[in-house]
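For reference, the structure is listed below as structure tokens.
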Amino acid sequence: MSVAVYATRSSSGGLDERLAKRFILWGGVAFPTVVLTALLIYGLRLMPVLRASGEGLTIAVAGEQFWWRVTYQPKDGPPVRSANEVRVPVGERVAFALTSPDVIHSFWNPSLGGKVDMIPGRENRLVLKAEKAGVYRGVCAEFCGASHALMAFPVIAMEKPDFDAWLSGQSRPAAEAAETAQGKTLFLQNGCGACHAVAGTEARGEVGPDLTRFGERATIGAGTLPNEPEQIARFIRETDTVKPRVKMPAYPALPREDLLAIAGYLGSLK
Amino acid sequence: MIASTRANLVTLITAPTVWALHFLVCYVTASAYCAKTMADARVFTGTSWPDITVARAVIAAATVLALGIIALCLRQAWGHWRSGDVDPPFDEPSFEGRQGFLGFSTILLCGLSIIGVIFVALPAIFIGDCR
Amino acid sequence: MSALDAPRAPSQQDDPEHRKAQEDRLEKVWETPGGFRYWSAVNNSDVGIWYTATSLFFFLFAGALGLMIRTQLAVPGNDFLSATFYNQVFTLHGTAMMFLFAVPIFEAVAIVILPQILAARDLPFPRLSAFGYWSFLLGGVFVCGSIFFDAAPDGGWFMYPPLTTDEKQTGIGADVWLLGLSFIEVASIAAAVELIVGTLKCRPPGMRINLMPLYAWYVLVVAAMILFAFPPLIAGDILFELERMFDWPFFDPKRGGDPLLWQHLFWIFGHPEVYIVFLPAIALLAMIVPTFAQRPILGYSWIVLAAVGTGFLSFGLWVHHMFTTGLPSISLAFFSAASEAVAIPTGVQIFVFIATLLAGRVVYSTPMLFALGALGIFVFGGLTGVMVALAPFDWQAHDTYFVVAHLHYTLVGGMVFPLMAGLYYFYPFAMERKLSDRLGKWAFWLMFVGFNVTFLPMHVTGLRGMPRRVFTYAEGLGFETLNMVSTLGAFVFAAGVLVITFDVLRPKSKQPHAERNCWNAGTLEWLSETPGRDWGVRTVPIVTTRYPLWDQPNFVRDYDEGRFYLPDAEEGKRETLITSVLDARPIQCLRVPGNTFMTMGAAFLTGGAFIAATFYAWTLTILFSIAALVSILFWLWRGTAIIPEKKEKDVGLGLKLPLYVSGPDSVGWWAMFITMIGDMSAFASLIFGYFFYWTIHATGFPPSDTAGPGVFWPGLAFALTSASWGAMLLARRANTADKPLSLNLWLVVSALLAVGGGAALLWGPHASGLDPTAHVYPATVWVLAIWTAIHLGVGVIMTLYCLARSAARKLTAEYDIDIHNVALFWHFAMITMAVTAATIALFPLVAR
């Protein structure tokens, strides 16, 4: 660029043609070719490495409008259902099987690795490895409709023993407490269980996110709002405003105390 | 049109056309091979990724063939360029000017096509399976 | 005849009275009509200016949408736009910028300047240009207008199914996108045909291929690219609409379809399109740089290498938009390799420009400023391009603001800035007055600074993890400041655009005319006088150098005195010279058609059919289609293959040229040939679709439980079509032998056989009960059969047209353009038939 500006500023018009030809040949052809060849070889060698296989644990993630269905498939042991949050052991290459039942989404956790699209009718593979324990934010990267912007998921990397303990603890039903019993009743009465599942209760719906460990999650609505009772109530009352075109209907008619009771119940599920 | 003592627009684009065909052969061979060796092309069900030795052999053969044809183009273009004994910038209003220009441009395009063919063949060296 | 001496021999042109009379006749023939008839003009200078103005208007419109996007994203959690409206806004921003501005402006500018660069009075098919313009205007207004009814497309400018095939989610917007743009694409292809024929056949005598201005080289390459890039998208659009309207499951995985086929077809179009946008803008620089360096371009052959090389390589890049779709690494790697390779010719062009500037004496002014800004921005966009071409890097950057930044750097640097350079450079040529240098410099700095402030931070925004196409973002993720800076920059950039808009629109009647050849350029378009004359060129000159205005002695004087070809319009007809492809030897004096409203009518009727289809108003669609067909036939009948009053004409300098030629010598034959190349690439895309489905259905395609169309009916269709084709060749032979009776007989036989062939082809899948909504296999078979049958139908209409022409004595042994062109069409119809029959009937026999 600076050469170009210099070229226009130098009034002498001096450069002779021979030199100019050499300039084109070396600057325009030879130099880029060498650099590009090196870059290309570097990139090609990297590709198979980045697509190495996993080391045992496979997590199936389905992108749906506009949330993430997560199923842990440990090598030994039953599958574990969850939603909108992924936990992985530190230091292990974890394989993700990525699908979508509706439209194209893209599974992307920038701190851990590249993105892979979730395409209806296909199952794509991605292998990620967390080097350090921590929480890494991920998002949907392929435009998937009105609430594409509101479709995040945290990946929580845990030390291997902690993770194993967590995973094996998932088969027990969610904790029940007396003070949230009314919330539970309201939750079931209003038909929430038709779409959502809470393990150990009559709520066995599979259309929407599994809520069994809802209280463990930091956010609701796939990263839309913080997981606090007031916000849960708001989400149920005005779903479509908070998250446009989401499939869950809004419940504007529910009284505030009922909403808070349901929120209290959901928040207690750990 | 392609093999001709007089350079024309077809001789000009022969080399990049060979590049395009070579590219197509490489891509179609590898993709179709991977798609067909996996039980279902859209879902990975096997235990390991199929290797692509057969496709690599086809790509190697296609590369040698493509480079050979481009070399022939280059030789012919060299003849066109030299026949008129004219120098750049080839702006004489004559048959020689035209011949020199087309010959020289064809040489440049052959060069680019050779780089292109080699670039496109490189993946087969570094990637050995369908992952 | 020595080209340089000939014009100076004593001639009638020495007499000023004689010249005045010639000028008056020329003026009258080429006069732009007044009043409402102004809109019937078809001359390139009128149509080209409308075209340019319209696409610049769409640029401003799409730019305003861009500002709305930036306003929405200025702060986190903004509610300036709702999510659903935001999605319409960004979709329309991309769509309008790409389809209504970037590509059409190339055609628009080429229609304005190409004929003058080649010293032709007009392009060979002025009415086709006018048809293209009216189609573009109608389609563009239709697509853009949808947003005012909350009905704009909202699936992103590349419209990925299944989001966009879901009618509940996308409504009518997707149909507006598909049909509105298909209509415009057809017009684009028409313009491409026109420009290719124009470049190859309308050059001035002596302008051999090695003397052709670089702009013409680029036009040739880009128009050829359009022929191979746009048809795949049209094929994709057809599949897409069949799914939306009739539930044919091309992209529905539940019934064997695959959303990825759309991505392939879209990007086979989409990536070359980037270069279709970029190369013509670079072509403007290739005209501007030598002028402002005041020396010939250094490395003419290198530019030709770069243009042709980029044209080819750009077709090997499409999957780099699909790096994250989970295709095997090896498949991605080829595209990564080609994407790196394409950087080489691109770099060569830039080094050629810099070398030319280094070797010349640079005159500093607004066009040069924009040209330098363009180089700077584009080089940066090229560098990030080399990065995203590497798949591992792209897995991070894809679909983020990094890519948004990258694509704006390449498109604004590679297209908008050169275009603004071209606007300031060519404005005096087209509008006779100069734009303000002072305002231009203001505009440049506002745009240059504004652009970089907007888009440079976006690289960081993207790398920090902000995906594209989000209507909002949360606080505390590190995006706030960067987005605010980008928004501020966008308004500065917009201020620059406003300054230019003001400069263009401000009244200039008090301002003196620009002097002739005001930049002291060397190429032919600067021959035009100011104030301008309607005739395009006074006389078609003989060219012996690349920069005749610099290098040919007495050139302008001889030109002004009409001492070259066609200095007169004795018969009161619009005429231009047709020359040979390589050496530009004069071969014909072409009568080009004059002003008419027919093209506007045909365009509006065709557009009516597309628009009615958008609303699923089938009766109206059919009525409009029939009306459009009739209007086009009427136009052809009245305006093409006109038999001249004499065989030959003295075009000046003692040269006699025929007025009527047919076959490969005629421009009509070339247009048919080139159009059919485009048609073939659409057909190839459909065939690609068939084999694509074959590869992804590893367990059998056709599925084992489905019977295909069998061998008998496609075989019969092939046999009948072959016979029909043979009859057409016999008809052509009978015509050449001057046997009208036998001609008519063979034409009838050909038409009947073709009807039988089409019917047999359709009967195959019908007889075996293939239900196109059940699975993608029957749908694919049906689509190939229908495509082929439609071609046979068009062939029959053409055959009957020849029959009518023969009956009206407009088609005879001597005047035989029609039959040659129709026979040429039949060659391609035959290929289509053969490939279709082999694919649907024979391939299942050998395929696994």
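Using C-alpha pairs under 8 Å with a sequence gap of at least 6, the mean separation divided by the residue count of region C:207-318 gives a relative contact order of 36 percent. With neighbours defined as other Cβ atoms within 10 Å of a residue's Cβ, the residues C:Met830, C:Met368 order from fewest to most as C:Met830, C:Met368.
Taking the inverse of the mean 1/r over every pair of distinct Cα atoms in chain C gives a Kirkwood hydrodynamic radius of 28.4 Å. Over all distinct alpha-carbon pairs, what is the Kirkwood Rh of the protein assembly as shown in angstrom? Mean inverse Cα-Cα distance, inverted, gives 32.7 Å. In region C:435-522, a dipole from Cβ-located charges (positive for Lys and Arg, negative for Asp and Glu) runs towards its positive end, and of C:Leu477, C:Met458, C:Phe491 it is C:Phe491 whose Cα lies farthest in that direction.
Spherically averaged projected area of the convex hull of Cα atoms, region C:663-846: 10.5 nm².
For chain C, the relative contact order comes to 16 percent (Cα pairs under 8 Å, sequence separation of at least 6). Positive-end ranking of A:Gly183, A:Tyr265, A:Ala253 along the dipole of region A:178-268, with charges on Cβ about the Cα centre, is headed by A:Ala253. Remark: C:His513, C:His398, C:His820, C:His791 ranked as C:His513, C:His820, C:His791, C:His398, counting other beta-carbon atoms within 10 Å and listing the fewest first. Expressed as a fraction of 2.2 N^0.38 Å, the C-alpha radius of gyration for region C:431-586 is 1.68. Cα-Cα pairs above 32 Å in chain A: how many percent? So the pairs more than 32 Å apart make up 38 percent of the total in chain A.
When Rg and Dmax are taken over the Cα atoms of region C:594-639, they come to 11.2, 37 Å.
Applying the criteria of a DSSP loop state and at most 13 other Cβ atoms within 10 Å to the GluC sites (Glu not before Pro) of region C:568-655 yields C:Glu570, C:Glu645. Each peptide among C:224-231, A:235-242, C:450-457 gets the average number of other Cβ atoms lying within 10 Å of its residues, and from highest to lowest they stand as C:224-231, C:450-457, A:235-242. Treating r as the C-beta distance of C:Val748 and B:Ala57 and R0 as 45 Å, the FRET efficiency rounds to 0.25. Amide H to amide H, with H built 1.01 Å from N, C:Gln588 comes under 5 Å of C:Ile578, counting only residues 5 or more places away or on other chains. Would you please report the Å³ per residue occupied by the convex hull of the alpha carbon atoms in region B:9-126? So the per-residue Cα hull volume is 102 Å³. Sequence-ordered 3J(HN,Hα) estimates for region B:28-34 from the Karplus curve with 6.51, -1.76 and 1.60 and θ = phi - 60° stand at 5, 4, 5, 5, 5, 4, 5 Hz, glycine and proline given as x. For region C:523-568, the spherically averaged projection of the C-alpha convex hull amounts to 3.1 nm². Relative to the dominant Cα principal axis of chain A, helix A:256-268 is inclined by about 70°. The Cα trace of region A:178-268 gives Rg and Dmax of 11.9, 35 Å, the first to one decimal, the second as a whole number. Projecting the Cα atoms of C:Thr706, C:Ala102, C:Val143 onto the dipole axis of chain C, where Lys and Arg carry +1 and Asp and Glu carry -1 at the beta carbon, places C:Ala102 farthest toward the positive end. Using a cutoff of 8 angstrom between alpha carbon atoms and counting only pairs six or more residues apart, the relative contact order for region A:58-171 works out to 28 percent. If the chain linking C:Val711 and C:Val581 were pulled fully straight, counting 0.36 nm for each residue of separation and taking away their Cα-Cα distance, it would gain 42.4 nm.
Its Kirkwood hydrodynamic radius, worked out from the mean inverse distance over all distinct Cα pairs, puts region A:58-171 at 14.1 Å.
Its Cα gyration tensor gives region C:686-731 an equivalent ellipsoid; the semi-axes, largest first and in whole Å, are 32, 14, 5. As a proxy for reagent exposure, C:Phe240, C:Phe61 were ordered by neighbouring Cβ count within 10 angstrom, fewest first; the result is C:Phe61, C:Phe240. Residue pairs exceeding 19 angstrom between C-alpha atoms, taken from C:Lys434/C:Lys510; C:Lys573/C:Lys649; C:Lys28/C:Lys508; C:Lys573/C:Lys656; A:Lys75/A:Lys270; C:Lys656/C:Lys810: C:Lys28/C:Lys508; A:Lys75/A:Lys270; C:Lys656/C:Lys810. Taking Lys and Arg as +1 and Asp and Glu as -1, the other residues whose beta-carbon sits under 10 Å from that of C:Lys508 total +2. Taking amide H atoms as placed 1.01 Å from N in the peptide plane, the amide H of A:Trp68 lies under 5 Å from those of A:Asn84, each 5 or more residues away in sequence or on another chain. In a reduced charge model with +1 at each Lys and Arg Cβ and -1 at each Asp and Glu Cβ, the protein assembly as shown shows a dipole moment near 1240 debye about its Cα centre. At q = 0.18, 0.19 Å⁻¹, what log₁₀ I(q)/I(0) does a Debye calculation on the Cα points of region C:193-332 give, no solvent, two decimals? Each listed q corresponds, in turn, to -1.02, -1.09.
Working from the Cα coordinates of region C:370-522, the gyration tensor eigenvalues give, after taking √(5λ), semi-axes of 36, 18, 10 Å in decreasing order.
Sparsely packed loop sites in region C:393-481 (the GluC sites (Glu not before Pro) outside DSSP H, G, I, E and B with at most 13 other Cβ atoms within 10 Å) comprise C:Glu475. Taking each DSSP H run with n ≥ 4 as -39500 (n - 2.57) and averaging over every residue of the protein assembly as shown yields -19000 deg cm²/dmol at 222 nm. Please go through region A:49-80 and write out the trypsin sites (Lys or Arg not before Pro) that DSSP classes as loop and that have at most 14 other C-beta atoms within 10 Å. When the trypsin sites (Lys or Arg not before Pro) of region A:49-80 are filtered for loop state and at most 14 Cβ neighbours within 10 Å, A:Lys75 remain.
Read-outs: derived from the displayed coordinates by stated rules, not from any lab. Predicted model only: the values in this text are computed from it and were never measured. As a convention, Cβ positions derive from the backbone with ideal geometry for all residues, glycine included, and neighbour counts pool all protein chains shown.
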